[in-house]
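S.K.: Quick one: this structure, given as structure tokens, is what I'll be asking you about.
Just so you know, all these numbers are worked out from the coordinates, no wet-lab data involved. Nothing here was measured: the structure is a model prediction, and the numbers come from that model. Cβ placement follows ideal geometry from the backbone for every residue including glycine, while neighbour counts extend to all protein chains displayed.
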Amino acid sequence: MTSLTTNIYNATLDCSFAPYLGSYSFFSSITTHPPGPPNLINAFFQQGITHAFGFNQPEALNSFACCLEQDETNAMCHWGMSYGFGPFLNKPKSSDQDLSLAVQYSRLAESYLDDSYKPEEIALVKATRLRFPNTQTPQSEASKNYRDAMKALVTKNTPFSNHADMLTLYAESEMDLSMSLGLDYYKNSKQTTHGDATESTANALKALHKVMLIAPDHTMALHLFIHATEPLTPGTDAAQGEQSADLLKDLNLYGSGHLEHMPGHLFLRVGRYNDVIQNNILASTADDLYDLNGHIPYGPAHNVYFLSVAAQLDGQSQVAITYADKMRDIYETGHFDDGPGAEEGWNALLLAYLRFGMYDKVLSDVLSLPPPAGLGLLEGCNYAELLGNFARGVANFKTGKLEEASSNLKDLESIFSCADFNSRYHDRSVVAKYTLESLIEGDVTKLKAAADEQNSWTYNSPPHWSLSSNTCLGEMYMETTQFESALASFRADLTEYPNNPWGLYGLYEAMAAMPETYDEEEVAEALAAAEKAWERSDQVLKTSCYTV
């Protein structure tokens with residue numbers, strides 16, 4: 001069938017790939033018209049909306065286009081195309097090309113409306129015209145107009161005030177608006193602290209709470225609620241999202257890597273590191289399925305990096321190393337722009353080695369310096385090479401090669417001062433520089449500066465720097481018998497990563513060094529807690545930091 005779709009959406013369709021995406025039905029079902037088969041049209045639409053709820057826009061668009069292949073004048077299938085080209089939380093603004101297509105599809109959706117469509121379908125299509133009015137209106141302004149329209153639709157005593165899908169899309173519009181304005185969900189959001197919720201976040205949370213009473217298995221509502229609660233204080237406030245994470249985990253949407261991955265964002269904040277690992281193994285498996293079938297996964301490197309960081313925190317060295325190494329395979333297949341991209345992620349493997357004191361592995365890794373050609377990196381002036389020099393500098397120093405370590409530090413500094421060095425990597429480069437300087441110079445103030453820098457970062461998950469400056473600073477304080485300061489550093493690490501064995505072991509060390517403050521029973525309890533948290537590890541717990 002030839003349709004208007006073919007003229008606008010210039011992509012090869014594959015309507016045969018049908019990964020498992022659960023059974024939740026948006027709007028229960030959408031309105032269809034003969035001669036298109038209603039069950040098939042709805043199947044493609046529901047597949048598309050779930051892909052979109054999992055932020056996989058290319059696959060969502062493929063499904064919505066397959067929907068249009070069956071019913072070329074279907075308003076909701078055209079709405080789906082406009083939704084698929086629009087912004088979302090991880091991409092707050094559409095490209096010029098995507099915006100143009102979103103505008104065209106929203107116009108077509110409106111043009112095909114008639115009295116046969118459900119009231120909620122008509123209302124949503126008309127609201128979406130405000131989201132994509134034209135290509136000239138600033139996107140933040142259009143996002144506000146769309147938010148206002150959605151808010152009006154779900155306000156108390158309106159026909160849609162208890163409509164789970166409309167409430168969820170309203171909540172998304174509030175969160176998208178925050179992102180389009182460059183705002184975080186909470187004021188002054190750091191790794192371990194946060195201020196008040198923005199007005200949009202507060203409104204979104206209120207709507208999402210309502211959805212969970214109406215439709216507790218709503219895929220998108222659960223997804224959004226995790227995003228809205230994960231920046232809260234780890235271990236305490238962030239636990240507000242734990243039930244949603246468990247519900248999304250239990251849905252086991254193994255056809256969507258991102259929806260399998262998302263519970264891990266919350267689990268990391270409450271110290272459930274092995275659950276993070278298990279969810280991201282499922283996510284990575286889903287991503288591999290897409291690649292094997294010639295389809296596009298969303299965020300495959302992000303998923304395995306998250307997995308590796310969690311495995312490092314949990315003491316599972318082989319898991320951490322295996323999946324950090326898998327990131328390189330992902331970049332070599334062309335997924336450069338993932339989060340992290342190749343410049344940050346190529347040498348993440350070296351930090352996994354350092355976490356477990358595997359210095360020989362760092363020094364024997366021939367792919368780290370220089371990184372291979374073809375990754376889109378600026379030769380001699382990129383973060384991957386800076387990270388490679390940092391890791392080798394630490395490994396050289398720890399294996400007695402002091403001159404080589406000093407040479408690595410000079411190369412690191414040279415890259416850092418390069419005129420074309422990407423400023424987005426400045427913060428983690430500062431941590432690398434101070435940490436290596438502190439090691440070579442034996443200067444605790446340099447490591448304190450590294451920890452202060454890392455502790456000042458705006459919330460991001462997983463962290464851009466998978467090592468803990470706090471535990472390393474604690475170990476350096478232990479070496480200089482500053483036990484109270486060491487205790488504070490280990491507690492800071494546990495605040496950021498609750499119940500992690502590295503921080504717990506450091507806490508035990510510091511308490512054991514202060515018998516006048518902590519009795520034998522308290523010290524024994526601290527050691528038992530560290531050993532309990534370490535129970536899945538394949539290594540012997542001997543220190544909280546191998547970098548100093």
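S.K.: From zero outward in steps of 5 Å, how is the percent of C-alpha pairs of the range 158-201 spread across the bins?
M.R.: Over the range 158-201, the share of Cα pairs per 5 Å bin runs 5, 22, 21, 19, 15, 10, 6, 2, 0 percent.
S.K.: In nm, give the distance between the simple-model label positions of Thr480 and Ser461, each being 7 Å from the Cα along the Cα-to-Cβ direction.
M.R.: It is 3.4 nm.
S.K.: Along the charge dipole of the range 131-177, Cβ charges K/R +1 and D/E -1, which of Gln136, Leu169, Leu153 sits furthest on the positive end?
M.R.: Positive-most Cα among the choices belongs to Leu153.
S.K.: Rounded if a/c is under 1.5, else prolate if a/b is larger than b/c, else oblate: which is the range 102-193, with a ≥ b ≥ c the root eigenvalues of its Cα gyration tensor?
M.R.: Oblate, because a/c is 1.5 or more while a/b does not exceed b/c.
S.K.: Work out the length of the dipole vector of the chain about its Cα centre, built from +1 on the beta-carbon of each Lys and Arg and -1 on the beta-carbon of each Asp and Glu, and round it to the nearest 20 debye.
M.R.: Dipole about the Cα centre, nearest 20: 1140 debye.
S.K.: Okay, moving on. Using 0.36 nm per residue, how much length does the chain from Ala18 to Asp148 gain when fully extended, once their Cα-Cα distance is taken away?
M.R.: That works out to 43.2 nm of additional length.
S.K.: Report the FRET efficiency, 1/(1 + (r/R0)^6), for Asp291 and Asp452, where r is their Cβ-Cβ distance and R0 is 30 Å, rounded to 0.05.
M.R.: Using R0 = 30 Å, I get an efficiency of 0.15.
S.K.: A further question follows. Hey, which of these cross-link pairs are over 19 Å Cα-Cα: Lys326/Lys398; Lys126/Lys151; Lys151/Lys210?
M.R.: In this structure, Lys326/Lys398 lie more than 19 Å apart at Cα.
S.K.: Between Ser414, Ala449, Gly341, whose Cα lies farthest towards the positive end of the dipole of the range 333-452 when Lys and Arg beta carbons carry +1 and Asp and Glu beta carbons carry -1, centred on the Cα centre?
M.R.: My answer, from the dipole projection, is Ala449.
S.K.: In debye, nearest 20: dipole of the range 333-452 around its Cα centre with unit charges on the Cβ of K, R (+) and D, E (-)?
M.R.: 380 debye
S.K.: Related question: Once both labels are modelled 7 Å past Cα along the beta-carbon direction, what's the Gln97-Leu402 spacing in nm?
M.R.: Each label point is offset 7 Å from its Cα along the Cβ direction, giving 5.6 nm.
S.K.: So, in nm, how far is label Ser111 from label Ala202 when the simple model puts each one 7 Å beyond its Cα toward the Cβ?
M.R.: That separation, rounded to one decimal, is 4.4 nm.
S.K.: Let me know the shape class of the range 1-137, please: from the alpha-carbon gyration tensor, a ≥ b ≥ c as square roots of the eigenvalues, rounded when a/c is under 1.5, otherwise prolate if a/b is greater than b/c, or oblate.
M.R.: rounded
S.K.: When a/c is below 1.5 the answer is rounded, else prolate if a/b is larger than b/c, else oblate, so apply that to the range 307-457 with a ≥ b ≥ c taken from the square roots of the Cα gyration tensor eigenvalues.
M.R.: Rounded, because the longest to shortest axis ratio a/c is under 1.5.
S.K.: Moving on to the next point. For a distance above 41 Å, tell me the whole-number percent of Cα pairs in the chain that qualify.
M.R.: So the portion of pairs separated by more than 41 Å is 27 percent.
S.K.: Subtract the Cα-Cα distance of Thr445 and Asn134 from 0.36 nm times their separation in residues, and report this length gain in nm to one decimal.
M.R.: Taking Thr445 through Asn134 to full extension adds about 106.5 nm, to one decimal.
S.K.: Working from Cα positions, state the angle (0 to 90°, nearest 10) between the long axis of helix 164-180 and the longest principal axis of the chain.
M.R.: 50 degrees
S.K.: Moving on to the next point. Find how much the distance from Ser25 to Lys187 grows on full extension, using 0.36 nm per residue of separation minus their present alpha carbon separation; answer in nm with one decimal.
M.R.: 54.8 nm
S.K.: Between Leu487, Ser468, Ala123, whose Cα lies farthest towards the positive end of the dipole of the chain when Lys and Arg beta carbons carry +1 and Asp and Glu beta carbons carry -1, centred on the Cα centre?
M.R.: Ranked along the dipole, the leading option is Ala123.
S.K.: Using unit Cβ charges (K, R positive; D, E negative) and no other charged atoms, how large, in debye to the nearest 20, is the dipole of the range 1-122 about its Cα centre?
M.R.: Computed charge dipole of the range 1-122: roughly 300 debye.
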